[in-house]
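Contents: one structure, followed by commentary.
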Amino acid sequence: MQNSALPGASAPFDLATLVSDPYGTYARLREAGPVHRFTGPDGRPAWLVTRYEDVRAGLADPRLSLDKSHAKRENYSGFSLPPALDSNLLNMDPPDHTRVRRLVVKAFTPGRTEKLREPVRRTADALLDAVEADGRADLLAAYAGPLPITVICDLLGVPQEARKDFRAWTDAMIAPDPKRPHLMKEAIGELLRFFTELIAAKRAAPADDLLSDLIAVRDGDGEGDDRLSEDELTSLAFLILFAGYENTVHLIANAVLALLDHPELMRQLRMDPDGMGAAFDEFNRWDGPAPLAIRRFPLEDVEIGGVTVPAGETVLLAVASANRDPRHFDDPERLDPDRERKGHLGLGHGIHYCLGAPLARMETEIALAALLERFPGLTLDVPREELEWRPSIRARGLISLPVRWN
């Protein structure tokens with residue numbers, strides 16, 4: 001599908017190139033103009049914002065609403081979820097967003113995240129133990145995928161016996177089979193049923209987990225602004241699962257590929273694991289898992305980069321493009337954890353900054369440190385050009401990552 005840039009900024013592009021050559025395509029679009037109107041994969045028009053300053057401003061602009069009720073019906077089809085899964089922070093503006101986020105922060109504390117550090121390392125080591133003797137593995141299926149789902153299930157308090165189905169349902173939503181679209185609908189229904197039953201079980205027998213704490217916030221003594229609705233409670237649990245799983249899977253896998261492409265950095269981090277924190281931020285900047293921020297809808301006609309975007313139309317803030325904008329980052333194509341200028345937007349900015357950022361940081365740092373420590377001979381097991389990316393402009397993730405270490 002061929003799309004045109006704004007009048008006077010001629011940079012036609014094919015959506016397929018945002019999968020096959022995302023950073024080259026974004027570079028061309030940035031130079032052609034700051035904002036481009038195009039037709040999305042759903043056949044509906046949208047506005048793509050490409051430059052750092054505009055994207056950063058847009059992420060914090062209260063005139064750009066996340067609430068789908070402000071979308072022009074003829075321009076937005078959206079992703080259909082039942083209300084009990086849709087009443088989450090990705091669809092809210094203040095004051096509801098402020099209220100719900102404040103209540104979630106009461107339960108999702110730094111202390112709870114820190115308590116997971118040792119279990120995360122044990123899980124990482126166990127997953128590596130399981131494949132070490134084989135000498136090779138699909139790192140996505142054997143490591144980068146199972147680790148985050150285990151962590152999220154531990155965090156929420158999902159029983160061990162339910163986790164196999166849990167992962168299958170989330171996979172059906174994250175990577176739907178175009179030949180069997182009914183599987184995604186079925187997975188949504190199963191997840192709703194599962195969370196409804198799990199919340200009932202946690203109410204009857206609370207445990208030391210995040211979901212029990214969120215239920216306590218929902219059922220506490222507060223009134224009005226100090227309470228969660230039942231739909232908000234259910235959809236929060238769903239959001240924590242969905243966002244915490246998908247993004248971390250691909251962040252870990254993309255970071256491993258970046259290290260395989262930059263063996264000197266791999267050696268540096270193996271010798272000095274304390275540098276993993278700066279590397280985490282640079283991996284998010286250089287090749288993060290979420291190229292586009294969640295869609296937004298102007299509450300009024302809004303000027304972005306000198307272009308007027310009409311109220312109610314769909315705005316996509318291209319985080320992946322902003323993170324490689326030479327107007328902000330020196331030599332942005334270079335992977336450099338020690339770069340002087342920081343400020344990547346891979347985890348958002350403003351009131352919608354990623355709630356789970358500390359957990360994603362801890363998981364990724366531990367996953368990479370354990371992998372580099374265990375397998376000093378880590379290398380790709382297929383030619384680099386044979387790696388395939390998921391066919392999506394909204395997610396940047398590999399289909400598989402075959403590696404070997406002997």
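Taking region 133-180 as the region of interest, how many residues are touching a Lys or Arg at 6+ places or on another chain (Cβ under 7 Å) and surrounded by fewer than 17 Cβ atoms within 10 Å (Cβ to Cβ)?
Taking region 133-180 as the starting set, the residues that turn out to be touching a Lys or Arg at 6+ places or on another chain (Cβ under 7 Å) are 135-136, 149, 153, 157, 175.
Of the ones still in play, those that are also surrounded by fewer than 17 Cβ atoms within 10 Å (Cβ to Cβ) are 135-136, 175.
Within region 133-180, residues that are touching a Lys or Arg at 6+ places or on another chain (Cβ under 7 Å) and surrounded by fewer than 17 Cβ atoms within 10 Å (Cβ to Cβ) number 3.
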Residue under evaluation Arg193, criteria (1) assigned to a helix (DSSP H, G or I); (2) touching a residue at least 12 places away in the same chain (Cβ under 8 Å), criterion not met: (2)
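Looking at region 199-208, is at least one residue touching a residue at least 60 places away in the same chain (Cβ under 8 Å) and either polar (S, T, N, Q) or more than 28 Å from Asp42 (Cα to Cα) (or both)? Step through it out loud before you land on a result.
Start the filter on region 199-208 by keeping residues that are touching a residue at least 60 places away in the same chain (Cβ under 8 Å), which leaves none.
Looking through region 199-208, none of the residues is touching a residue at least 60 places away in the same chain (Cβ under 8 Å) and either polar (S, T, N, Q) or more than 28 Å from Asp42 (Cα to Cα) (or both).
Could you list all residues from region 146-187 that are polar (S, T, N, Q) and in contact with a Phe, Trp or Tyr (Cβ under 9 Å, 6 or more places away or on another chain)?
Step one: filter region 146-187 for residues polar (S, T, N, Q), giving 150, 160, 170.
Answer for region 146-187, where residues must be polar (S, T, N, Q) and in contact with a Phe, Trp or Tyr (Cβ under 9 Å, 6 or more places away or on another chain): just Thr170.
Residue-wise test of (1) out of contact with any strand residue (DSSP E or B) (no Cβ under 7 Å at 6 or more places or on another chain); (2) surrounded by fewer than 15 Cβ atoms within 10 Å (Cβ to Cβ); (3) of a type in the set (Asp, Glu); (4) free of Cβ contacts under 8 Å to residues at least 24 places away in the same chain.
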site	(1), (2), (3), (4)
Leu292	no, no, no, no
Phe297	no, no, no, no
Gly312	no, no, no, no
Ala370	yes, no, no, no
Gly377	yes, yes, no, no
Pro402	no, no, no, no
Verdict on Leu210 being at pLDDT 90 or above and either surrounded by 14 or more Cβ atoms within 10 Å (Cβ to Cβ) or aliphatic (A, V, I, L, M) (or both): yes
Residue match in region 316-326 (condition: at pLDDT below 95, in contact with a helix residue (DSSP H, G or I) (Cβ under 9 Å, 6 or more places away or on another chain) and assigned to a loop (DSSP other than H, G, I, E, B)): no
Given (1) farther than 25 Å from Arg101 by Cβ; (2) modelled with pLDDT of 90 or more; (3) surrounded by 15 or more Cβ atoms within 10 Å (Cβ to Cβ), index of the condition Ala205 fails: (3)
Complete set of residues in region 145-170 that are under 19 Å from Val131 (Cβ atoms) and in a loop (DSSP other than H, G, I, E, B): Gly145
Test: residue in region 289-312 that is on the phi < 0 side of the Ramachandran plot, in a helix (DSSP H, G or I) and not basic (Lys, Arg): no
Enumeration of residues in region 379-394 that are surrounded by fewer than 19 Cβ atoms within 10 Å (Cβ to Cβ) and of a type in the set (A, V, I, L, M): Leu380, Val382, Leu387
Tabulated pairs, region 140-165, first closer than 26 Å to Ile215 by Cα, second of a type in the set (D, E, K, R) and buried (at least 22 other Cβ atoms within 10 Å of the Cβ), C-beta under 7 angstrom, 6+ apart or interchain: Leu147/Glu363; Pro148/Glu363; Val151/Glu363
Selection count where residues are more than 14 Å from Val315 (Cβ to Cβ) and surrounded by fewer than 17 Cβ atoms within 10 Å (Cβ to Cβ), scope region 31-57: 6
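Identify all residues within region 172-190 that are part of a helix (DSSP H, G or I) and of a type outside the set (Asp, Glu); write none if there are none.
As a first pass, look at region 172-190 and keep what is part of a helix (DSSP H, G or I): 172-174, 182-190.
Passing the criteria: Ala172, Met173, Ile174, His182, Leu183, Met184, Lys185, Ala187, Ile188, Gly189.
State whether the residues of region 341-363 include one that is of a type in the set (D, E, K, R) and under 26 Å from Ala71 (Cβ atoms). Outline the logic, then answer.
Keep residues of region 341-363 that are of a type in the set (D, E, K, R), which gives 341-342, 361, 363.
From what is left, the residues that are under 26 Å from Ala71 (Cβ atoms) are none.
No, region 341-363 contains no residue that is of a type in the set (D, E, K, R) and under 26 Å from Ala71 (Cβ atoms).
The values are calculated or read from the model by the stated rules, or taken from the named source; none is laboratory data. Quantities reported herein were computed from a predicted structural model and do not represent experimental measurements. Quick reminder, even Gly has a Cβ in these numbers, built from the backbone with ideal geometry, and neighbours come from all protein chains shown.
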